[in-house]
Every structure is written in C-alpha cells, then in structure tokens.
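Any read-out appearing in this document is the output of simple, stated calculations on the displayed coordinates, not a laboratory observation. Model, not experiment: these values are computed from the prediction. Glycine gets a Cβ as well: all are built from the backbone with ideal geometry, and neighbour counts include every protein chain shown.
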C-alpha cells in the first residue's frame, strides 16, 4: 500500500523530511532532534573533538560539535559529523561466536569467557606463560587500557602485549623518550595559533586532522612550511612547500640545523643550560651542507636556505609531524632529529614553540600512559627498579610480579607466532588483516595459531572471520571513560545508548575474564564501573609527568577536558632525564629499505583520505562517507601514465615482491612526483598492505609503510 | 559585507538585517577550502538527506606540473540566482524567490517530480530524491537564517571557506563576474549570486576531476516513447490529411466538372476510381491508429513524473514554461484528434468545412506540441541539446515515422495499384526527405561536438564514439538501410505485382521505429549537463 501511495505521488515521506526546532542547535531535521544531547568526545582520531551525541528513543540520531570545547569550537570533520551512524550500522557484532567445525556458532557469554580462559591457560601451561600474545588498539578508553594492562601483565603473566599503536605512534614515543627522557608531546594546539612558523613534516592534516585547521586559521601571521614527497592537500595550502624525496627527512632536518648554526640562529643559552651533546651534533652536521642535502633530498639549495632562514628567524616555531615521519625504519631517529632542531633553536616549552607529534587514534595517548605496553603505567620504566617497587607498593603485589623488561612489540609478536613461540593470540579492537604490512606473512602467522580470540564491535571483519572465538564489544557511544588527545587533553567519553545484542563493554569483558582467571580480587577488588579503574589510575599516575590526580570525572565534565602537565611541558627547561637535560642527537640519514628496481620501478607511498577511518570497519558502513570515497585509487604522475599508456580511471594491477592488488583505478594527477605512486590503505578490496614491505624501525618497531617498490600493469 | 565571524552552535549572533534590494548569499573562498567535505556531511545531517541527494557537493579542479601543481576544491550548493532557470522552467510554479532572504525556495508539496528543474540548473542544485519522488534543494537554511543561526554548511567549515553575506541584487545583476571561477559554469546563465574568491595567478590548464569520468545520464524510457510516439502520431495525422487531399484531388482533378463527379460517387453509374473505396476505409481507420499512438505516448509520459497523480498541475505555467506548453498542446492535440477520428468514422452530415477546420486544428496543435517538446530540451545547461538540431531531429522523427506508418496502413488495405500510387509515392518522398534530414542532423551534430572545446560537448562526443559506439553505429546503420530499402523495395515489388508489400513496409517501419527509439535513447544518455565541479569518484 505504501509503495502504491509513493508511486502515485501521494506519499512523499513528509514525516522523515519534516523540520523542527532544537533548543540547543536551532532549526534542523525533526528526525535528528534528539530527546537529549549527551556530551562526549569523538572516537575516531586523536584531535579529541568535543561533541554532543543526540539520543532519541534509545537510538543515536545525530552528532553536533560542542561550540564551547577548546579543541574544536563546534566544528567536526566529516567522520565526526556522521559518527552516530557507526553505532547503528550494519554488521555490528551481536553475540559471542565460537568456531565449531570451521563455522562460527553462537554460544552464551559464560561459555565464551570460560573457553577464552581455559584455552589460554592451557596454552600457557603447555608452552609457557609467554606463549600468549595480545594485540590491542588505541581506541579503548583509558580505564580499559589500564585494566587490560594489569590483567595481561599481572593476571595472565605474559609480557607479549602490544597495540596497533606500534603501527602508528611508537616512533614518536621512542623519540620523545630518547630526547626528553619520557614520552609526552610537549606542545598544545594553541601553538598553531601563535607560532610564526608552522613546520609540518609528513603530516597531511587537511585530510587526517582537518579540525586542526580551526586553530591554524586563527594564526594570521604564520608561515606554513610543509615537507612531503606528495603534494598533499596540506602541502597545497603551504606558503613554502618542500617536495623532498621520500625517506630523506633526516637529511633535510640536518641540513636545516647546519644552516641554522651557520646563520647564527641557534639559542646558545638554551643549548648550554638545557641540553647535552651539542659538540657531537655540531661536528656531525658539518657535512650536511646545502649541496650535500640537496643531493639527498632533491630540494634546491636556495629553498633549503630560505626555509632555514624562516625557521631560524621565527620567534616561535612549531614543528608538527605524523605518519610520514613515524612510518619509517628511521622513524624514531627522525623524531630525534626534529626534537634536536627544536632544542637548539630554543623552540621547546614556549607558546607557539614546540616539537609536536600529531597522534593518530583517539586514545593512543591513553594506552601510552596507562596501558602497560611500551612502559609501565605512568610512563614508568620497566628497567628502573624504583619504578617497579613503587608500582608494586601501590598495587599491593610482590615486586617480583612486575615485569623487568618490555615484552615483544607487534611485529615481533607476529614473528613469534611464525617461530612457534606464541600459540594463542587475543586481538582487541583492531583489524590487522587490512592494516598490517605484508599481508601474506600475517596470513601465514595467523594460520599457525592454536587459538585466536578477536574482540570487536563489528562482525564480520577480515579479522573476526578467521577467529576461533569472537567476542562482541560495545563501541564508542555505548560506554564510559576517558580519552587523551594529542595535546594531552583528557576528555570524558560517555555512554549514550545501549550496546546492541549481547555486546558488552571491553571493561566488563576484562573484569569477567579476571574473575575466571582468579585474579579479580587481587587486582580489581570492588571494581564495577570504569570510574573505579580511573580512580586507581589517578592514584597510580600521581606525581608522574602524566599526573591525573587532579583530573576527576566531575572536573572533566565541567572543563571540557583538561591537559595533564598544563598547557605545555618543559616550560622550565627541565627534562625527564637523569641530569634534567634534553639529549641532542646526531643522526645519519639512511636509505629507504626497498628501493625501486627495473622490475619494480615505482616507489609506493600509502596514506589516508579524509572520509575514512583506518580499515573502514566503521566508515565503510556509513553511506554518506562511502559515497564520497567508495573505492581505492592509485595516484600516478601524468608523465608516468603517458609512458605506461594509462587513461584516467583505467583499472590496473599493482605488484610488489610480496603481493599484489588485482584491480585498482588510476588517478592521473600532478600531486605525486614522477616515479612515485600513492594508494590509500583503507580498502581491503584493494589492500595496499598486500604490497608494503615488512621492515621495521629497530627502536620503535614501527613499520616502514611509506615506501616500497612496485610495478604497475595494465589489465 | 560579511556578517559576523563563523560562530557555530549556540553562540551565533543575530543576523545583520537586509536593506531593500538586498539578499543573502554564499561566499566561497577557493584559497581557504581544504577539501575536507565537512560542509557536505553537515548538509546531509541538517536535512536528513540520503547519500545520493547532494544539496551541497565538493568538487576538485587540478592543473600544472609537480611540484607547481594546483588542486583546488569547489564546494557548491544552490547559488540562489537572480535569474533562476529552475524557477522559470518549472511547469507547476513550485519555485519562488523568498522575499525575506532572497533564497530560491520550493513550495512544499507542489512539485510533481518532473525533474525539469534538474535539467535547467547549470549547477545541479535541484536534486531528485527517489525516496520522495520529487525534487528538493538547498534553501540557504532559510529557517536557520531567520532564527539567527548560520546555515549548517557555513557553521561546519573548519577553515572559514564558506560564509554568508549580503548582496545588492541590482548591482550584482550589473556585474556578477565574481560568480565565475575555474571549472564553474558561466554565471550569465542564471546570474548566480554565490561570490567566489579565486586564488591569484592560477594556471590556465585547470581540469575538473570529473572531466574524464563519463557517467551517462538517465535514459528516461518513458520520455523516449513519449516523444517518439507523439511525433509519429502528429506525422501520421498530417500524412492522412495529405492522403485525403490527394485522393480528393485524384477524384476531382482540376478542370473536371464537379457535378459529374459527384454523380459518379453517388449514383454508381460509372466505375468508381480504382482503389478509392478502400481509401475511404483507410481514411476512417487511420486516425484511430494514430490516435492510439498518441494515447500510448501521453499515458507513458505520465509515468515519467515522480508523482503521476498530480500530472494535471503541469498545465499551470503555460505562459512561461515550455513543459507546460508541451502538455497543453499535446492535450489539445489528443482531444481534437479524438473528435476528428470519431466524426470521420461516423460520417455524419456536418456543416461544410467542419472536418477541414478540425483537421487544421489537429495539425497545428500537433506541430506546436512537437515544437514545444523540442524547446524543453533547448536549455543552456544542456549544451548538446541546446541548438536547432533538437527541433530538426524531433520533426524529422515525426515526418519519417508518421508517413511510414500511414503507408503501411494504406498498403495493408489497398492494392497499391497505379491509380493510388501517387499517394504512396508522395509519402515515400516525405519519408526520404525527413530521413535524410535526420541522418544529416546526426552527422552534423557529431562533427560539431567533436570540434568543440567545451567540457560538456567533448563528453557527449566521447560517450557517442566510445561508450555508446555500437548503439550509435546501429542507429545510423538502421536509418540508412530504411532509407535505401524503402524506395528500392517499393519499385521492385510493385513491378512484380505488389505481393508482400505490406510485409516489407511493416519491416521497414519496425526498423525505422527502432532506429528512432535508439536515437532518442542516445539523445538522453549522451547529454553531458553543465554542473558544478565534482570529485574523482
């Protein structure tokens, strides 16, 4: 009947398209006007935008930016603006599933959790406690990371626990530790508003952190310098664009330091009082003359001179970076070079003056601080006896129970599976079957496992499909806790709607596992809500650099987030090293791990697009975003396209030594250099990580996603 | 000029009031846009539109060589024009220029979903919503503006690229050069009010990202049948009138004594002219056949509408809209043709000249209908349609298929003896003239669009010669076969006694009708409309 009325034109869906007046946000679609707005923080990236999630009859129907939030002042990116659609998207994981005779079958939660504990304990009994590995994420709330860390390290007693944060920000972590003695980004978004030079290296914020533009926009006097081998949206907006060759950032920074010293634009007082290692640095930089650097980077010497003058003359210079720096076999060292440049010019700890890692995931910071992976909670060091003792005292456990060194990082866990050391794996909130480099190797590893648990908000995903046990988790909007953003701002995340089906919060799952494992009373006595974990975490972090003691839930609700450590770190020039001085690093620039060859003549760069988040588990299910960016593409320079006789939109095959993409559409564009191609990594259908090389930073263990050699073939 | 900064949410200040002769409009700064598409998603959320209904869209243009490449983003919604062609073309008077804000708005529920505004607008601002079977579009968030809130897109922009400002309409009409920008259709078509700020020193070779993405337009099957069959019907009626005139002339040759002839007809003393009796029958049956074609066409056309029940509303704007006029003339044509057909069947005693007058009226309304049809398509936003070849093609279709259909009826009912061959020959003559005119217009069109630089015409050429190459060649081939075959067959068969003539003519009618339907299909799918720049996908 309804379809007849529609066909005749009597039914024009007027109800759906009615407008109404929302007291908070004014005139808008009636269907989007909620019964109430729930204040929360965006669950995608780590810009950490404040927002309101509109709830109508138990469903999330709309999202609006929080005009009073200092991070985003009411605006949101396209992912944030459509984030409520993710909650009610198709393909949510609804029930625990166990693989029986090759097929995933529904089973009750009790049995699922019993199975998890039984199987992992059995594996640990047979092969040792280190035979269990955990790959988690940067997208749980800090309360969950803190809980999971204790559960894994003190409950299961394995240290082979890492997150996908190693695929993302671990180079920044290692770099901060080596330069400043501790992790922790020193600057703040406000620096973008007041710096006279904003220098972005390998950071395409227009695509990946567009809301930072809100801050940059206010800075009327800034000079924006962007270094990127690809003329990204961000590079396009730059006042000075440095089209350097890939993997040559260190040469560029060394060259800039060389020129800054030569120009007398360094800060000798700051260097003397707050740093060590300047002599070695200066000696090392001697050879990084503009001519030498020009040869490596491909940048003309006058452009290097100009950039060095701009940077050197700046009263406050902000140097921001993202994955272009981190995703490298020299990621950590590049971070050290950036920090060193900032230190010798006195650009640390002042308004507008800071080296600054623009983080990836919404709560990568939270897991770095509280998560018990790359360091002990509260930026404590595994190798520091006093730190272990302090933690043992705080937790009321024997100091012997606190591990003395870090377990394996993500790629080493994968390697450990292949070697047969790790037999059981628990994957939480991440989708390695799109995101891990060299997919073929990963497939081999996963096939060797005796037991794979995947805990996720969605099913099926490429990773849940191969799991032995799938645990359905509540996602953003369905749980409470805190996120910490790039500028160390802790913000509250709130539950707006109930999780679908039988999905439980990760927090609840961890506590249930702890009860079955028999460590609940010891580690989590009387914990029922995330606030119980948070209050213990506040106590554990008290007095540390990342001190949460004063940051209570109540204050967070009122203050629209609070930055631990204040607006900026190291304002007094005292660092977290033993002597309180920052370390200057003399770094050599090495070649990329896989260079183009006659068989594979192109350098493949991978990255993101504004419409999608990571492996599209969420954004691929949101129509308005999918419509804008429905499939992967390969960018190729017009000169190369001509040589290969490729037409715009033509489908091609892309191959590397490791794997292939069977079909991807050509985008002929002058934003990539001749000899380079670019593919976004979001798409399982044309998975860029079939091609990427499994080479890792020896310090941070971060993969070298940004360069590998490929060939393009016509289909 | 600009009112207030961009302050979203609750903190927006009151709207700066308009003075007389002013309206609100968008300002878009290409130099500030970072292509994040927040505006697009915010618009969807504001209006609850599905992903395919894009009131606002962000497009891309690019040019230059690395590292001096320029890529610019163009976010565009409705431009709230001073001479909006959506409004002037609308057959139902759905659009109006809001007296308070100057927004081009739509009267709720008045739209019948004909989609004509979507053809008229060079910016794709009106969008057909399949969930509603009607067209909807950006109204500048009129109701937010009057409440003192910014439009959703403006409030959502993190780089301050979209703003609301006011403009003096008179002054803008004089000089609207700032509404022009690279990749954007020229503002003169509709006097777009959106002010574009374009970065200085742009390369000349900026291409739109959608330049090479050829997405054929919808075929509009109901319109293919509607236009071809109405044209056939009109051509058929005209052929009948011609046949009648000729038969009349044959029976009353000039110079013969009229009295004697009338006696012949009435009394039967003399042999009736050979073939004349079946001709009478044919002249009675023919109109019904043509009326049938028209009826089928007009019935089909109603289903082109999103809301067929409200088809009658399309008559409303006959003073302004060619679409209304088309509906009006074809309705009159169908009505008059019905009366004509019935009167012809009943052979009533009528005052002299009645049938003749009626015939003239049928012919005139029919021709006016075809002309109105053609004028519908002659809109600046659709370059490959907007020229004299459209009416030539439409009339040619009518004068090719109409006479051919009549020839078939004629041949089926009468032995095409020498006596009445004059009629047959005349019809074949018309068929050939119309057919070759059609063929000529196709080839002229092809050469014209191939030689042009405009993005849209180049696109049409590419569609016809690449994507639709086979149908395009079939279209030309089938037409050519018909035009060569008909005279040859007739001459050959007639000489051999004329057996099987109707079968052959029927086959050629079938072939010609197929060719014209295919041609009309290509007409619809190969038009590349002017639109705002789009993205790579």
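Overview of values
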| read-out | value |
| --- | --- |
| Share of alpha-carbon pairs per 5 Å distance bin for the stretch A:602-714, given as whole % | 2, 12, 22, 23, 19, 13, 6, 2, 0 |
| The stretch A:449-466 and the stretch A:413-438: distance between their alpha carbon centers, rounded to Å | 11 |
| Descending semi-axes in Å of the protein assembly as shown, equivalent ellipsoid built from Cα gyration tensor | 71, 32, 30 |
| C-alpha long axis of helix B:354-377 to longest principal axis of chain B, angle in ° | 30 |
| 0 to 90° range, to nearest 10: angle between helix B:38-47 axis and chain B longest Cα axis | 70 |
| Gyration tensor verdict on chain A (Cα atoms; rounded if a/c is under 1.5, prolate if a/b is larger than b/c, oblate otherwise) | rounded |
| Reference-scaled alpha-carbon Rg (2.2 N^0.38 Å with N residues) for chain B | 1.19 |
| Computed FRET value (nearest 0.05) for residue A:16 with residue B:331, which takes r as the C-beta separation and R₀ as 35 Å | 0.55 |
| Cα gyration tensor, the stretch B:9-208 - rounded (a/c under 1.5), prolate or oblate | rounded |
| Within 10 Å of each Cβ in A:19-29, the average number of Cβ atoms from other chains | 5 |
| Inter-site label distance for residue B:245 and residue A:110 at 7 Å from Cα along Cβ, in nm | 9.6 |
| Between 0 and 90°, nearest 10: helix B:389-413 axis offset from chain B longest Cα axis | 30 |
| Cα centroid separation, the stretch A:598-667 to the stretch A:318-344 (Å) | 27 |
| Near-label residues of the stretch B:59-101 by backbone N, under 17 Å of a point 7 Å along Cα→Cβ of residue B:198 | B:59-64, B:70-76 |
| Cα gyration tensor category, rounded, prolate or oblate, for the stretch A:171-269 with a/c compared to 1.5 | rounded |
| Relative counts (whole %) of C-alpha pair distances in the stretch A:250-364, using bins that are 10 Å wide | 14, 44, 34, 7, 0 |
| Förster radius 30 Å - calculated FRET efficiency between residue A:398 and residue A:280 (Cβ-Cβ, nearest 0.05) | 0.10 |
| The stretch B:466-537: proportion of alpha-carbon pairs further apart than 13 angstrom, % | 71 |
| FRET efficiency for residue B:252 and residue A:448, using Cβ-Cβ distance with R0 set to 60 Å, rounded to 0.05 | 0.05 |
| Dimensionless Rg over Rh [the stretch A:2-87; C-alpha; Kirkwood] | 1.10 |
| Label-point separation, residue B:422 to residue A:7 (7 Å along Cα→Cβ), nm | 5.2 |
| Simple spin-label estimate for residue A:465 and residue A:127 in nanometres, 7 Å along Cα-Cβ | 2.5 |
| Distance from the stretch A:1-56 to the stretch B:428-491 (C-alpha centre basis), Å | 51 |
